[in-house]
Amino acid sequence: MIQTFIKFFRFAGEQRGSWYKGIAFAILHSLIESLQIIAILIMLKGVFEGSLTMNTVWLSLVIMLFVICGTAFSALFSQQNEIKGSYYMCGNKRIQIGERMKFMPMGYFDDKGLGKITAAVTTTMEEIEKMGPPVMVKTIHGFIRTIIITAFVTVLNVKVGGVVAVGIIIFLLVNTRLHVRSEIISPKRQKAQTALVGDILEYIQGMSVVKTFKLDKYANLSIKKTIREVEKYNYRMELEFITLMAIQQIILRIFSVLVILMSVVLYLNGEIPIFITLALVICSFFIYTDLETAGSMSSFLRLVNASMDIVDDIYQTPVMDTDGTNIVPKDFGIEVRNICFSYDQKEVLSNVSLDIPAGSTTAIVGPSGGGKSTFCSLLARFWDVDSGSVMLGGTDIREYNQDCLMSYISFVFQNVYLFQDTIENNIRFGRPEASREEVIAAAKKACCHEFIESLPDGYDTVLGEGGATISGGEKQRISIARAILKDAPIIILDEATASVDPENEKLLQSAIREMTKNKTLIMIAHRLKTVSDADQIVVIDQGTIVQRGRHEDLLTQGGLYADFIKVRQQAVGWKLKEEEVLL
């Protein structure tokens, strides 16, 4: 339990101070609340000893009034600091994770999956946010108040205090068992909940596949299985908690009765006066009340602990070295020297070297799975190489600050992602300070101005998540407009025109040529018209460069590139003949 408290305060970060204040006020609340016992004792002593006067009554009333005001204000300040500490703590942690994710290698997102990340910053964090304050404060408050009242009872009579202490010890033994069971079940429950979020996201994102191949029954079975897992662990946790908490309550009730019996026996034996006896009987009714609450809430400490472990697992994920500096390169040429890279144990690139002169166009071609996209991702430092180096302007890219490096590179992905925002803002991500006129100019160059204007709200049209409300070609053109607006000196295109219809491809090719004038261009492409004018064509197969040169030279050499062109020409010819037949 103590370790969980230590971890929680470490997790709180800069909001630790708010939590300390909240708990301090909770302790003050317990101390002030305990004073009401003194007020009751003063009244009972006056009544049974015949010394009751108005001064005695007023003294008791003043103490009770102080208790009422003191507990009200201490509770208010305690809750304010707890709530502030909770929401700001979780808010800051979400922001920190978001910032940290920018520097994590892209492989992390492939390995962990969207479900774990989503669950961590939503449902898991929400459990910490909502459950943290009552669990932490009521547990501390309950144990402290129980200790205070136990000390007071012991002062009144040591024997009765001993009975109370024995009850607390037996209670703690059962409570320890509760924590052991919680420690076993809570991580499994959290894992099942994370899997559920992942399955639901996968089901929603793959809805088109589910409908096309009639996989609704299969998909539903998968989700139902995960739901049953969550249900099983929730049920097990509640069942075991209820059983052990019921045992705790029985123990406390028994010892409350024993306190009363012991007090009466001591009175009958003449060991304590009647007013002390009545005070002890009154104490018996609420001496264990806060301990019972603390015991019930402490059972959820392990759940909070498991939630913090999930969040910390993401937050503590190693990031790529981000201690670089803002560097202005001497030019925007790229030198790749003997780089090797692996996904886990699978080698993807092996001893690859390449010079990409500043202002040149380099086309990357080769069979699927050969390492083309990985190679380009390494140029942008989405991953760090296992060995070798990638240099920009003669300086290793690992020496650049991440933001500085990204300012020099525009990357147009094959799979375009657009945010659930207006089209204008999606384009403006390329340069946030750009005016609407500059956004429109970039859209015109990317051949998407006309279709944007045809939409009901034009540039103010809000896209669905991921750009789901427009076609693939339209998303691609908006992505290119974003890159045009950024106007970076290095441009990497990963099949940028793959989803564009033939009618607009020629215009886009012209726009790309305009955009890439005097810039370093690296493009992954398969279409002949895209690669034939490149300054150099690099053929990557099975993680190595197997050919390099201009289009004409590679055709003369033969080999993989010549075979590739031959297959492409045959495919185009077949399509033309088919169209002629159809016509």
Under 9 Å between Cβ atoms, which residue pairs at least 6 apart in sequence (or on different chains) link something in the stretch 251-270 that is assigned by TED's automatic domain parsing to the domain that holds residue 168 with a partner that is of a type in the set (Asp, Glu) and surrounded by fewer than 14 Cβ atoms within 10 Å (Cβ to Cβ)? 265/271
How many residues, within the stretch 364-388, are crowded, with 16+ Cβ neighbours inside 10 Å and either of a type in the set (Gly, Ala, Ser) or not assigned by TED's automatic domain parsing to the domain that holds residue 516 (or both)? 7
Here the residues within the stretch 547-560 that are in contact (Cβ under 8 Å) with a residue 60 or more places away in the chain and within 44 Å of the chain's Cα centre (by Cα) are 548
Could you check the stretch 431-447 and list, in sequence order, the residues that are modelled with pLDDT of 85 or more and not in a helix (DSSP H, G or I)? 431, 432, 433, 434, 435
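Please find, among 118, 150, 122, 146, the residue that is assigned to a helix (DSSP H, G or I), touching a residue at least 12 places away in the same chain (Cβ under 8 Å) and touching an Asp or Glu at 6+ places or on another chain (Cβ under 7 Å). Give the steps one after another, and end with the answer.
On the way: 118 fails: touching an Asp or Glu at 6+ places or on another chain (Cβ under 7 Å); 150 fails: touching an Asp or Glu at 6+ places or on another chain (Cβ under 7 Å); 122 fails: touching an Asp or Glu at 6+ places or on another chain (Cβ under 7 Å).
The conditions single out 146.
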Which one of 18, 78 is at pLDDT 85 or above and in contact with an Asp or Glu (Cβ under 8 Å, 6 or more places away or on another chain)? 18
State the number of residues belonging to the stretch 5-32 that are under 30 Å from residue 274 (Cβ atoms) and either surrounded by 21 or more Cβ atoms within 10 Å (Cβ to Cβ) or touching a strand residue (DSSP E or B) at 6+ places or on another chain (Cβ under 6 Å) (or both). 1
Within the stretch 120-132, tally of residues that are of a type outside the set (Asp, Glu) and either surrounded by fewer than 17 Cβ atoms within 10 Å (Cβ to Cβ) or modelled with pLDDT under 75 (or both): 3
Pairs please, first residue from the stretch 529-544 and within 13 Å of residue 509 (Cβ to Cβ), second anywhere and among the polar types (S, T, N, Q) and surrounded by 14 or more Cβ atoms within 10 Å (Cβ to Cβ), Cβ atoms under 6 Å, 6+ apart in sequence or on different chains. 534/361
Please go through the stretch 404-445 and give me each residue that is touching a residue at least 60 places away in the same chain (Cβ under 8 Å) and either in contact with a strand residue (DSSP E or B) (Cβ under 9 Å, 6 or more places away or on another chain) or not hydrophobic (A, V, I, L, M, F, W, C) (or both), ordered by number. 404, 405, 407, 408, 409, 410, 411, 412, 413, 414, 445
Quick one: which helices (runs of 4 or more DSSP H) lie wholly within the stretch 489-583 and hold at least 2 residues that are surrounded by fewer than 17 Cβ atoms within 10 Å (Cβ to Cβ) and either at pLDDT below 70 or among the β-branched types (Val, Ile, Thr) (or both)? 502-515, 528-531, 560-582
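Output the residue which, of all residues in the stretch 77-107 that are aromatic (Phe, Trp, Tyr) and in a helix (DSSP H, G or I), is farthest from residue 137 (Cα to Cα). Spell out how you get there, then give the answer.
The initial filter retains those residues of the stretch 77-107 that are aromatic (Phe, Trp, Tyr), namely 77, 87-88, 103.
Then keep just the ones that are in a helix (DSSP H, G or I); that gives 77, 87-88.
Working: 77: 13, 87: 15, 88: 17 Å.
It comes out as 88.
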Determine if the stretch 266-274 includes at least one residue that is hydroxyl-bearing (Ser, Thr, Tyr) and either under 39 Å from the mean Cα position of the chain (by Cα) or surrounded by 22 or more Cβ atoms within 10 Å (Cβ to Cβ) (or both). no
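The values are calculated or read from the model by the stated rules, or taken from the named source; none is laboratory data. Predicted, not measured: the structure shown is a model, and the values here were computed from it. Note that each Cβ is placed from the backbone with ideal geometry, even for glycine, and that neighbours are counted across all protein chains shown.
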